1. Only one residue in 85, 79, 75 is assigned to a helix (DSSP H, G or I), under 30 Å from residue 351 (Cβ atoms), open to solvent by 70 Å² or more (accessible area, probe 1.4 Å) and out of contact with any His (no Cβ under 8 Å at 6 or more places or on another chain), so which one is that?
2. Filter the range 322-345 down to residues that are touching a Lys or Arg at 6+ places or on another chain (Cβ under 7 Å) and assigned to a helix (DSSP H, G or I) and give me whichever is surrounded by the most Cβ atoms within 10 Å (Cβ to Cβ).
3. Just checking, how many residues over the range 249-286 are part of a loop (DSSP other than H, G, I, E, B) and surrounded by 14 or more Cβ atoms within 10 Å (Cβ to Cβ)?
4. For the range 186-201, name all the residues that are in contact with a helix residue (DSSP H, G or I) (Cβ under 8 Å, 6 or more places away or on another chain) and more than 14 Å from residue 118 (Cβ to Cβ).
5. Report whether or not residue 139 is open to solvent by 40 Å² or more (accessible area, probe 1.4 Å), under 30 Å from residue 261 (Cβ atoms) and among the acidic types (Asp, Glu).
6. Identify, by number, the condition in (1) in a helix (DSSP H, G or I); (2) within 28 Å of the chain's Cα centre (by Cα); (3) surrounded by 11 or more Cβ atoms within 10 Å (Cβ to Cβ); (4) of a type outside the set (A, V, I, L, M, F, W, C) that residue 103 doesn't meet.
Amino acid sequence: MFDRLQAVEDRYERLNELLSDPDVVSDNKKLAQYSKEQSDIQETVEVYREYKSIKEQITDAKEMLDEKLDPDMKEMVKEELKELEVQVPGLEEHLKVLLIPKDPNDSKNVIMEIRGAAGGDEAALFANSLFRMYSKYAETQGWKIEVMNANPTELGGYKEIVFMINGQGAYSKFKYESGAHRVQRVPETESQGRVHTSTSTVVVMPEAEEVELDLQEKDIRVDIYHASGAGGQHVNKTASAVRMTHIPTGVVVAMQDERSQLKNREKAMKILRARVYDKLQQEAQSEYDAERKSAVGTGDRSERIRTYNYPQNRVTDHRIGLTIQKLDQIIEGKLDEVFDALIMEEQAKKLDQLNEPRM
């Protein structure tokens with residue numbers, strides 16, 4: 001472990017040198033790349049340096065105890081040594097967690113898609129409940145929400161809603177939400193008070209920057225057409241709706257929310273880039289069975305991951321066997337307890353993998 005930590009510290013020092021190199025400073029792509037790499041390992045280096053400092057202080061204190069000291073001084077050194085030694089196990093555990101391979105997408109913004117699935121109008125209403133839940137959580141983190149595309153129903157639900165959450169570390173929390181979410185409750189449309197079961201699906205994708213995924217124009221087919229739905233005369237007169245198809249992967253995005261064709265193009269391209277990036281990542285992940293087993297919530301997106309039982313005020317996350325009797329709070333966006341449990345479970349599995357003896 002300590003060889004790896006020393007290698008990380010050496011790399012950090014090398015990055016300091018690179019970031020003051022005129023050739024790097026004048027190259028925006030390299031500057032961004034090295035700055036992000038340094039930022040990603042900064043906490044590990046700081047904790048490792050603190051650990052080394054405490055170990056050195058322990059060594060110095062033990063050497064002092066071997067010298068001839070008066071009783072008061074000896075007692076003071078012993079107390080100091082005891083305080084220092086108590087810190088070592090906690091720092092070692094912290095360093096183990098920091099050495100767990102990080103998801104390179106964790107710091108990114110996210111694009112989320114929620115769709116009503118089984119259950120008709122109630123599924124669409126539940127999709128709205130999920131959107132509201134995620135929006136409220138994002139607001140508590142100071143993150144910005146931008147609706148990119150929405151297909152509302154007459155009863156106030158969503159057949160589909162696509163939105164972006166802009167905020168440092170958004171993906172690190174929301175990445176666990178991909179999958180099928182099941183709700184058990186009495187629908188507003190139910191006259192006899194019977195509990196219905198419905199589902200909505202959630203897809204979470206990291207925003208892909210242009211430097212990470214350069215989509216070639218020749219690989220994208222763009223179709224322009226007249227928007228349908230609300231919009232009055234504008235719908236009939238202006239061809240502003242955009243459909244983009246990424247030919248190599250078959251990924252399609254249609255956008256008609258904006259009156260401006262240019263704005264629809266911009267939004268469609270942002271979603272297309274995220275979907276293609278996500279598709280390529282999913283395909284790459286499928287090649288690593290061990291990594292898939294260690295991850296929480298990055299598997300089959302048709303998998304039922306969570307149940308929201310309104311009559312019993314209960315939320316159950318089926319992946320980790322977590323049950324919380326606080327549905328009323330969770331649906332209001334208080335998701336920290338759920339997210340923290342998922343993060344801890346994934347860290348524990350990855351730590352087990354790191355500790356497995358190598359053949």
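1. 85
2. The selected residue is 327.
3. Counting residues in the range 249-286 that are part of a loop (DSSP other than H, G, I, E, B) and surrounded by 14 or more Cβ atoms within 10 Å (Cβ to Cβ) gives 4.
4. Passing the criteria: 188, 189.
5. No; evaluated as a whole, the condition is false for this residue.
6. It fails just one condition, (1).
Quick grid of which residues meet (1) basic (Lys, Arg); (2) touching a strand residue (DSSP E or B) at 6+ places or on another chain (Cβ under 7 Å); (3) touching a residue at least 60 places away in the same chain (Cβ under 8 Å):
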{"residue": "130", "(1), (2), (3)": "no, yes, yes"}
{"residue": "143", "(1), (2), (3)": "no, yes, no"}
{"residue": "155", "(1), (2), (3)": "no, no, no"}
{"residue": "173", "(1), (2), (3)": "yes, no, yes"}
{"residue": "179", "(1), (2), (3)": "no, yes, yes"}
{"residue": "194", "(1), (2), (3)": "yes, no, no"}
{"residue": "203", "(1), (2), (3)": "no, yes, yes"}
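Matching residues to (1) in contact with a strand residue (DSSP E or B) (Cβ under 8 Å, 6 or more places away or on another chain); (2) in a helix (DSSP H, G or I); (3) under 23 Å from residue 85 (Cα atoms); (4) touching a residue at least 40 places away in the same chain (Cβ under 8 Å):
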| residue | (1), (2), (3), (4) |
| --- | --- |
| 3 | no, yes, yes, no |
| 11 | no, yes, no, no |
| 20 | no, no, no, no |
| 30 | no, yes, no, no |
| 35 | no, yes, no, no |
| 38 | no, yes, no, no |
| 43 | no, yes, yes, yes |
| 47 | no, yes, yes, yes |
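The values are calculated or read from the model by the stated rules, or taken from the named source; none is laboratory data. Owing to the predicted nature of the structure, the values given are computational and were not obtained by experimental measurement. All Cβ positions, glycine included, derive from the backbone under ideal geometry; neighbour counts span all protein chains shown. Just so you know, the surface numbers come from the protein's heavy atoms only, side chains and all, with ligands and any DNA or RNA stripped out. Shrake-Rupley method; radii C 1.70, N 1.55, O 1.52, S 1.80 Å.
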